[in-house]
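Take a look at the structure set out below.
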Amino acid sequence: MNVYTLLVEVGRTKDDGLPEGSTGAALICYSAGRDEAEAVRETVAILKQADLSPLDVTGYGTLEERLAEGHEIDEEECALMKRALDENSVIIAQMQPFFKGERASDDGETLH
């Protein structure tokens, strides 16, 4: 079992709990799975149960893959990944709402 880092772009639904006026959000998730496809499926299922509307998922790989690519990963992020693995769960680590004209792929930020 591994933990995968996923960037999930969500759209709006009636009871999603996103800020008023937002058009959606980007979520950084840590998801446990046998492979990345399973981690994506589990994450999408959990987000749908939470009344969110997943539109796009970008995988950034496992901790080892990210370190090999030179990503800087702090202790807090490692702790969240360990928790996802220990609990065999999906952890939403960060949420960034976007507003008219913004999208996760438009902000120029990269995942560290």
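So, in the stretch 51-76, how many residues would count as being free of Cβ contacts under 8 Å to residues at least 40 places away in the same chain and farther than 16 Å from residue 97 by Cα?
So the count comes out to 10.
With (1) at pLDDT below 95; (2) among the hydrophobic types (A, V, I, L, M, F, W, C); (3) touching a Leu at 6+ places or on another chain (Cβ under 7 Å) as the list, and residue 63 as the residue in question, which single condition is left unmet?
For residue 63, the exception is condition (3).
What number of residues in the stretch 1-27 are β-branched (Val, Ile, Thr), at pLDDT 90 or above and open to solvent by 20 Å² or more (accessible area, probe 1.4 Å)?
1
The values are calculated or read from the model by the stated rules, or taken from the named source; none is laboratory data. Remember, it's a predicted structure, so these values are computed and weren't measured experimentally. Every residue, glycine as well, gets a Cβ built from its backbone with ideal geometry; the counts of neighbours run over all protein chains shown. Calculation scope for accessible area: heavy atoms of the full protein, side chains included, ligands and nucleic acids excluded. Shrake-Rupley method; radii C 1.70, N 1.55, O 1.52, S 1.80 Å.
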